[in-house]
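Report on one structure; see the data block that follows.
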Amino acid sequence: DAVQDRMFQHLNSGPTDLFFEEIKEMLRQITEYYTYTDELPLSEDPDNPPDPDIDLHVIRFLQLMCEGHFEKNQDIMREQPNNATTVNLLEPFVALLSATSKRPCRSSTKAANAISATILEVIQGPCVENQNMFALNTELCEIQNRILRSTPKRDCIADEDDEVKKCILEISEALVEGQVKPSVIFDRILSVLDFQVLESIIKGEFDSGGDDDVGDDDDELSEIVMEALVLLQMFTDYARLPPTNVNDLKMLELIIEELPKDITSKMGDAIFSVEVVWTGVLQRRFFPQ
């Protein structure tokens, strides 16, 4: 925290316009690499991942600035009130995630894993203004659908793709963290998120290995399935709150009813909830075991 606070104090003292402009330019260059490079590097050797001809360390640097839900650095990613001009880095984050989702390969997966982890870190806590920006003023929700629908192509490895999908599900959870009904963010995601894809992930239909996605050797639910179940439970719980949206509730409950019995029988052990008071309102929070 001391290092992060020192970074914030320096970046917030102004003028630091050039720093944020340079970060934005570096993100633009990475995005252009994944958008316009004719042949992205490929490698089908699981132990020898491709080496993109572009430096991704800046993405990790930005993630570490916000690690542990450090809200002051989360906010400064969006706006710098003490600078003459403000640079919103959240939009370049989404642009890069979009670019990687349109060029499926292991190289794109590597960058998608990095930028999705950073997006998650600048939301969790939650950082309310970043929740609003991502959910209401970018195409992040639509891009999440594209990623969740994707299947392994070219040299992609299913397990690596699943890591990105798991993070995408966690981003959806972070976007609604601390939100109370009525919530425009909950409503926005409910209207955009393809819950049939969520159902397919839980059933394992997108797993190239067949039924292995439903459970591992110990007959437990995989991490991506548990995150999908958590998200489904969160939205079902929200839909049940008054005023009840009957159509949303029916859709979500129907999906739960159609899940295989071997999955629903494990949900009680795999998913748990706690009640917390947030901003004076009692809420239920769901977590994977």
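The values are calculated or read from the model by the stated rules, or taken from the named source; none is laboratory data. For clarity, every value in this text was computed on a predicted model and none was experimentally measured. With ideal geometry, Cβ positions are generated from the backbone for all residues, glycine too; neighbour counts draw on all protein chains shown. Note: areas computed on protein heavy atoms with side chains; ligands, DNA, RNA excluded. Shrake-Rupley method; radii C 1.70, N 1.55, O 1.52, S 1.80 Å.
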(request) Quote the FRET efficiency, to the nearest 0.05, computed for Glu44 versus Val192 with a Förster distance R0 of 25 Å and r equal to the Cβ-Cβ distance. (result) 0.15
(message) Can you give the FRET efficiency to the nearest 0.05 for Ser13 and Tyr36, using r as the Cβ-Cβ distance and R₀ = 30 Å?
(response) 0.20
(message) Just the number please: accessible area per residue for the chain, 1.4 Å probe, all protein chains included, in Å².
(response) 49 Å²
(request) Tell me the label-point distance for the pair Val180, Glu275, using the 7 Å Cα-to-Cβ offset, in nm and rounded to one decimal. (result) 1.5 nm
(message) Quick check for the chain: number of Lys pairs with alpha-carbon distance under 15 Å, counting only pairs 8 or more apart or on different chains?
(response) 11
(request) Only loop residues by DSSP count here, and only those with at most 16 other Cβ atoms within 10 Å; note down the GluC sites (Glu not before Pro) in region 85-192 that meet that. (result) Glu139
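Taking the convex hull of the Cα atoms, report for region 1-99 its projected area averaged over all directions, in nm².
Taking a quarter of the hull surface, the average projection is 7.6 nm².
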(request) Once you've got the GNM for the chain with C-alpha springs shorter than 10 Å, pick whichever of Asp162, Asp262, Asp38 has the biggest mean-square fluctuation. (result) Asp38
(message) Residue by residue through region 38-50, what is 3J(HN,Hα) from phi via Karplus (6.51 cos²θ - 1.76 cosθ + 1.60, θ = phi - 60°)? Round to whole Hz and write x for glycine and proline.
(response) 4, 10, 6, x, 10, 7, 9, 8, x, 8, 9, x, x
(request) Kindly state, to the nearest 0.05, the FRET efficiency for Asp5 paired with Asp237, given R0 = 51 Å and r defined as their beta-carbon distance. (result) 0.90
(request) Report, as a whole number in µm² per second, the diffusion coefficient that Stokes-Einstein gives for the chain at 37 °C and 0.692 mPa s using the Kirkwood radius over alpha carbon pairs. (result) 163 µm²/s
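Could you give the length gained by full extension between Met251 and Glu21, i.e. 0.36 nm per residue of separation minus their alpha carbon distance, to one decimal place? Don't skip to the end; give the middle numbers.
Numbers: separation 230, 0.36 × 230 = 82.80 nm, distance 4.45 nm.
Separation in residues times 0.36 nm, less the Cα-Cα distance, equals 78.4 nm.
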(request) Express the carbon and sulfur contribution to the solvent-accessible surface of region 36-178 as a percent, rounded to the nearest whole number, probe 1.4 angstrom. (result) 47 percent
(request) With springs only between Cα atoms under 10 Å apart, run a GNM on the chain and tell me which of Gly268, Gly204, Gly178 wobbles the most. (result) Gly268
(message) Under the 0.36 nm per residue contour assumption, what length would be gained going from the current alpha-carbon distance of Thr85 and Asp262 to full extension?
(response) 58.2 nm
